[in-house]
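Please read the structure below before turning to the comments.
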Amino acid sequence: RYRGRPPRITRVEAQEAGDRVAICVDGPDFPTVDDVVAAAAPRSLVFTFRGSLIVRMESFPSRDAAFAALT
């Protein structure tokens, strides 16, 4: 109740490759500096699964970098 509201998300993109999933989100509440994503607000992530458990989570500086990590 005393926390600020979570950031608004207006776009979600995901792609699966084997045991890895890349997810990228965007929205008006994610900060940018001169049209570059601020490092303090990661929004491009790759999750690695083992069975139904997430065993690794990586943050990437851009959507393209996250999706490229799947190959």
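What does the charge count near ILE9 come to, summing +1 for each Lys or Arg and -1 for each Asp or Glu among other residues with Cβ under 10 Å from its Cβ? Let's see the in-between values first.
Details: positive: ARG8, ARG11, ARG43; negative: ASP26, ASP29.
Once positives and negatives cancel, what remains is +1.
From the phi of every residue in the stretch 51-59, what ³J(HN,Hα) in whole Hz does the Karplus formula 6.51 cos²θ - 1.76 cosθ + 1.60 yield, where θ is phi - 60° and glycine or proline is x?
Those phi angles translate into x, 9, 9, 7, 10, 7, 9, 10, 9 Hz.
Given the Cα-Cα distance of VAL55 and ARG3 and 0.36 nm per residue of separation, how much length would full extension add, in nm? Provide the component values of the computation, followed by the final result.
Numbers: separation 52, 0.36 × 52 = 18.72 nm, distance 2.85 nm.
Answer, rounded to one decimal: 15.9 nm.
For every other residue with a beta carbon closer than 12 angstrom to the beta carbon of VAL21, add +1 if it is Lys or Arg and -1 if Asp or Glu, then tell me the sum. Walk me through the numbers before you get to the answer.
Working: positive: ARG20, ARG56; negative: GLU13, GLU16, ASP19, GLU58.
Taking every Cβ under 12 Å from that of VAL21, the sum is -2.
Bear in mind these aren't lab numbers, they're just calculated from the coordinates by the rules spelled out. Since this is a predicted model, take the numbers as computed values, not measurements. Using ideal geometry, Cβ is built from the backbone for each residue, glycine included, and neighbour counts are taken over all protein chains shown.
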